[in-house]
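Structure record follows, encoded as structure tokens.
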Amino acid sequence: MKYLSLLIIVTAFWCCSRKESAEKSVVRQEQIVETKPVEIILKDLFCLEQVCIKDSFLLLIDRCDSCMFHVYDMKRDSLVVSFGVRGQGPNDFLYPMFLSGTDVKDCDSVYCYDVNSRMIKSFAWKYITSGKTSDMGRFDLSEKIAGSPDLTKIDEEYWGTLDYIQSGIYFKYAEYEDSLVWTAYPESLLKYSQGLGLQSRIGVHPTRKTLVAGMRYYNKLFLYTSAGTLQREVQIGYDDIFPVVDEKKKTVLEQSTLCCQAIRITENEVYVLYCGWPLNEAPNEKSTSRILVFDQELNYQRTYILPYKAVSFAVDNDSRILAYIGLKGEQFIVGIIQTM
């Protein structure tokens, strides 16, 4: 009986210790790639936020201009067309963002979702590059997930995050069941969080369905299986970074360091836009951002240093082009880098 009790105690301890057994590692960013970005200055666009790449074209989203979408031809070095007025008409937009995933991976079309109108809209590249934007596909989007800052659709399921509902590090939403399932935060975050500053950004592999989550105010990345099992945790730098919190108001203060801004995943690599500067720091000549590149197991590969504060980026695997939106003082620029 004594040996049986000991066996039960040992087994219980082993099970508890296995609750979160993911591999952990630290990235030192030693493989710096020297780059000379081609800079595109679009003087009349003041609120650039997102970029998408197709062949020699860039599709840009601007929040301030009368038209929200702008097509730039890299071969001709010029804007070729603008479209998408603000409004609630069938071809209008309120707050569009690009949608990614296998279910929308159509090389001839681009898809976006509108946070405010709760609609998914699609339009063909061959029409928008010639200025014909009247024929758009339109689909309803559940209000449960419409506010996600980075939404992906794979096999009839949506993957995303919600900054204003911190119920987990990411969610999966099955449209056919109208069910929203959250994956819990890793234990390594909970010792700091007090339930605050847990906003995340994600990228989903189009065929493996593995997911990488990066934290906005923590220098940590997490790799999950398609079933939501944590496989690996990566810390960027040796020192822990976590948000500065106003404990009375329960808010994240502006002196907090912004870490992961966006994640993009290609067939073989994971790209992470890492900032490393305080939220309240004004753009200056010393402001930089970095693109960290990992393989699909989150093994570090290399780093691209961007000369300005970057707010968004896109990667095209076919042309090996990385395009980013940065702030040069108060002027938005688009930078183009030829990747390896």
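Placing unit charges on the Cβ atoms only, positive for Lys and Arg and negative for Asp and Glu, gives the chain a dipole magnitude near 600 debye about its Cα centre.
Applying 1/(1 + (r/R0)^6) with R0 = 51 Å to the Cβ-Cβ distance of D73 and W182, what FRET efficiency is obtained, to the nearest 0.05? List each step's numbers first, then the result.
On the way: r = 42 Å, r/R0 = 0.82.
Efficiency for this residue pair is about 0.75.
Please sort by residue number the trypsin sites (Lys or Arg not before Pro) in the range 219-256 whose DSSP state is loop and whose Cβ has at most 11 other Cβ atoms within 10 Å. Intermediate values should be presented prior to the final figure.
Details: sites: K220, R232, K248, K249, K250; in loops: K248, K249, K250.
Those satisfying the criteria are K248, K249, K250.
Pairs exceeding 19 Å between alpha-carbon atoms, taken from K24/K309; K191/K220; K220/K286; K54/K121; K24/K209: K24/K309; K220/K286; K24/K209.
Rg/Rh, computed from the Cα trace of the range 21-338 with Rh as the Kirkwood radius, has the value 0.94.
Tally Lys and Arg at +1 and Asp and Glu at -1 over the other residues with C-beta under 10 Å from the C-beta of D65: what net charge comes out?
Values: positive: R63, R86; negative: D44, D62.
Neighbour charge sum, excluding D65 itself: 0.
The range 142-171 and the range 48-104 have Cα centres separated by 22 Å. Kindly state, to the nearest 0.05, the FRET efficiency for Q231 paired with S319, given R0 = 22 Å and r defined as their beta-carbon distance. Between Q231 and S319 the formula returns 0.10. Placing pseudo-labels 7 Å out from each Cα toward the beta carbon at Q301 and L94 gives an inter-label distance of 3.9 nm.
Around Q199, with a cut-off of 13 angstrom between Cβ atoms, what is the net charge of the other residues, counting Lys and Arg +1 and Asp and Glu -1?
Values: positive: R201, R216, K220; negative: D150, D163.
Residues close to Q199 contribute a combined charge of +1.
Against the main long axis of the alpha-carbon atoms of the chain, helix 2-17 sits at an angle near 20°.
Laboratory data are not the source of any read-out in this text; all were calculated from the coordinates shown. These numbers come from a predicted model, not from an experiment. Methodologically, a virtual Cβ is constructed for each residue, glycine included, from the backbone with ideal geometry; neighbour enumeration extends over all protein chains shown.
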